[in-house]
Amino acid sequence: MKRKVTRREFVRLSVVVSAGLVSACAKPAPTEVPQPTKAPVKATEAPTVAPTAVPEVPKEAPMLAELVKQGKLPPLQDRLPKNPWVAPVAESVGKYGGTIRRAFRGVSDRWGPTKLGDRGLAWFDRNLVMQPRILESWEVSEDAKVWTLHLRPGMKWSDGTPFTADDFVWSYENEWTNTDINPAPPGAYTTGSPRVMMAIEKVDDYTLRYKFAHPNPLFIYKVGRGGVPTPGHYMKQFHINLVDDKDALQAAAQKAGFNSWSEYYVDRNWWYMNPDKPSVMPWLAKNKLSEELFIMERNPYYFAVDPEGNQLPYIDKVTHRLFETPEVLNLWVTNGEIDFQARHMSMANFTLYKENEAKGGYKVFVGKSAGHLAMNINHTTKNKRLREFFQDRRVRIALNLAINRDEINELVFDGLYTPRQYSPLSMSPQYYPKASNAYIEYDPDKANQLLDEAGYTEKDAQGFRKWKDGSGEIISFTFEGTADTGTPDADAAEMVSKYLADVGIKATYKFVERSLYEEHYNANEIEAAWWGGDRTVVPLAPEAPIFRGTMIDRPWACAWGRWLADPSHPAAEEPPADHWIRKIWAYWDQISQEPNPDKQNELFFKILDIWAEEVPMLGVLGEAPAPIIVKNGFRNYLEGMPIDDTTGDEHLLNTETYFWEEPEKHV
């Protein structure tokens, strides 16, 4: 007979911390706040990495050794850099071979496959300190305006072409500063307000200098999941300024269904839609993500080895199988058809996952989710009456007080979340209880009082409040989300609708497919969203985009965020001169130029003070345990890791080092 896992047992499991738990996550109680985030590197110093001896004759996967034997691939010594990146292993040196089976929801779910390999120029170690990865080392000037980047001599693209400083210069000249491809320059390479593009200098084949107009002490964080240049030797065939026959390129673009060469270029530049594009990722696309089974296979020129000199990755192949509904995914999990995945694994299904561990041959690891359940009310909605409503602080406080977070937590999530506003997690160096706890008490009487004070006193026969313009129409809005009807997140949304109705506000939850959701927020055709927010473990690393309103898919400041990034964008709108979002932006401008990490935190707390005062969102729940499906025999991933976009979700510990104890059983 199957035994149901109780809430108490789950809570106990969720706080078990493995020996490999990130030190910042190991605090026994929220009151023990980790020390402030360390600066990426001390000014004028190169990061120090413990030297690891790499054998003179490195080893490689059997499938690649066979290709070398057949003369189809150069010897490994000719494929690795002179000084490969030595990737740390969480448990032990691994074994070669096998496949990881995962699931995805289509092209709009591209970040699932992407996160397996988009760790960039630098990456976090287990203490959440940035270390060189593609880079061999770096130095920073005293004023943090000049970053000198040292590449790995001998590193190559997946087609065997040398990976050098020329690739960065090519990308700078032909892509990053090309306004047809990038109407606004990439944020990682700009500073100040208005944004000023950096200058680039090639020192030699493996050394670059990035010169910024303003101090940029957080730059290395911006290239943790990025910073990789474009393979110009391949992409030049799609660039209008670099081809001899411009008419032929335009014709090819139109034939492929694009309006311009630049749209065609962007499409060809997506690694998951163009398997021919060279890459430096550990696994390469073998077909298009638009197919039912997306396949990634090892990169024979990958630049990393383990501590014993074995070229990585260990795993031969990763497959992503398309699923349409959560029920189908749950069936695959319980049947043992998913090998390693946190993405789309719902904490609400924990009991189902746990009860089927023996049947499916897996374990349910528990991490800490950075995500929050929250309603992103759009302060810049095109609905003028609704905009006035959302921009009234009394209304926002009232809507927050109307929500019974404890009841949602108990009835929908078995008490496993924590009632809180969107804010840094308690494990974060930027944890700030004032922001987490602002207006989270359930007080419908106070909510009604505040709505009355805001002037929304008239009601219809059903008790719904009316707009105060005399139209007689009731206040109503739709909040969109990608949580399917019948899922716990959708159930929670329906409960929020009920609580708001209890104070006279009609808010209707609407499920939309992700591509349609993207279309709506990109055009600012969205009134509110049920999307919440993450990036709360090390919020300064991704430049706190949700806190600044610049992450448009969490559309609480949709048009204003667009304006800050690109005033010419069709959906952009300048905020009022005296609006508090400008104070947030001003504090961030100071943070982005402040080299002292303690002062960075002090300034960020001022942003959180504004969030505590203004409550831009309707934060509901957070601090959730995060289930990760880990097949028996799958190694080098540890329980207790944070699950956050900034730290790559389940890929924090470098997926190229994960392996099978018996790879022959997982071909």
Sorting Ala523, Val538, Pro555 by the position of each Cα along the dipole of the range 512-569 (Lys, Arg +1; Asp, Glu -1; all at Cβ), the one nearest the positive end of that ordering is Val538
Please list the non-local residues whose amide H lies under 5 Å from the amide H of Leu284, H modeled 1.01 Å from N, same-chain partners needing a gap of 5 or more.
Glu297, Arg298, Asn299
At a probe size of 1.4 Å, how large is the accessible area of Glu291, to the nearest 10 Å²?
90 Å²
Run the accessible area of the chain with a 1.4 Å probe and give the carbon-and-sulfur part as a rounded percent.
49 percent
Select one label from [x] 37.6; [y] 30.5; [z] 46.5: the one whose number is mean projected area of the Cα convex hull in nm² as derived from the coordinates shown.
[y]
On a 0 to 90 degree scale, rounded to 10, what angle separates helix 488-502 from the longest Cα axis of the chain?
20 degrees
I want the local charge near Glu136. Using Cβ-Cβ distances under 12 Å, sum +1 for each Lys or Arg and -1 for each Asp or Glu among the other residues.
+2
Rounded to the nearest 20 Debye, what is the dipole magnitude of the range 483-523 about its Cα centre when Lys and Arg each give +1 and Asp and Glu each give -1 at the C-beta?
200 debye
Rounded to the nearest 10 Å², the accessible area of His569 using a 1.4 Å probe with every protein chain kept is 50 Å²
In whole Å, what is the distance between the alpha-carbon centres of the range 130-173 and the range 345-414?
40 Å
With viscosity set to 1.567 mPa s and temperature to 4 °C, compute the Stokes-Einstein D of the range 117-244, Rh being the Kirkwood radius across alpha carbon pairs; µm²/s, no decimals.
84 µm²/s
Calculated from backbone phi, Karplus (6.51, -1.76, 1.60) coupling profile of the range 185-198 in Hz, x at Gly/Pro
x, x, x, 5, 10, 10, 9, x, 9, x, 5, 10, 6, 5
For the range 515-525, take each phi angle, set θ = phi - 60°, evaluate the Karplus expression 6.51 cos²θ - 1.76 cosθ + 1.60, and give the result in whole Hz per residue in order, putting x for glycine and proline.
4, 6, 4, 4, 4, 5, 6, 5, 9, 6, 9
Over the range 104-146, with neighbouring protein chains present, the accessible area per residue in Å² at probe 1.4 Å is 30 Å²
Residue-normalised accessible area of the range 191-273, expressed per residue, 1.4 Å probe, Å²
46 Å²
Using the Karplus curve 6.51 cos²θ - 1.76 cosθ + 1.60 with θ = phi - 60°, work out ³J(HN,Hα) for each residue of the range 609-616 in order, rounded to whole Hz, and write x for Gly and Pro.
4, 5, 4, 5, 7, 9, 5, x
Against the longest principal axis of the chain, how steep is helix 246-255, in degrees 0 to 90 to the nearest 10, with axes from Cα atoms?
60 degrees
Among DSSP bridges having both ends in the chain, what percentage is antiparallel? Round to the nearest 5.
70 percent
Going toward the positive end of the dipole of the range 250-307, with +1 on Lys and Arg Cβ and -1 on Asp and Glu Cβ, which of Ala252, Ala304, Met281 do you reach last?
Ala252
Peptides ranked, highest mean first, by Cβ atoms within 10 Å: ranges 67-79, 297-309:
297-309, 67-79
Per the charge dipole of the chain (beta-carbon charges, Lys/Arg positive, Asp/Glu negative, Cα centre), the residue among Met345, Tyr439, Thr508 reaching farthest to the positive end is Met345
Keeping all protein chains in the complex and leaving out DNA, RNA and ligands, what accessible area do you get for Trp176 with a 1.4 Å probe, in Å² to the nearest 10?
10 Å²
About its Cα centre, how strong a charge dipole does the range 132-244 have in debye, to the nearest 20, once Lys and Arg get +1 and Asp and Glu get -1 at the Cβ?
380 debye
Let's see if you can work this out: charge +1 on each Lys and Arg Cβ, -1 on each Asp and Glu Cβ, no other charges. What is the dipole magnitude of the chain about its Cα centre, in debye to the nearest 20?
780 debye
For the range 429-545, give the share of DSSP beta bridges that are antiparallel, in percent and rounded to the nearest 5; count only bridges with both residues there.
20 percent
Percentage relative contact order, the range 411-485, counting C-alpha pairs under 8 Å, at least six apart:
14 percent
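The values are calculated or read from the model by the stated rules, or taken from the named source; none is laboratory data. Since the model is a prediction, treat every value here as computed from it, not as a measurement. Glycine gets a Cβ as well: all are built from the backbone with ideal geometry, and neighbour counts include every protein chain shown. Only protein heavy atoms, including side chains, enter the accessible area calculation; ligands, DNA and RNA are left aside. Shrake-Rupley method; radii C 1.70, N 1.55, O 1.52, S 1.80 Å.
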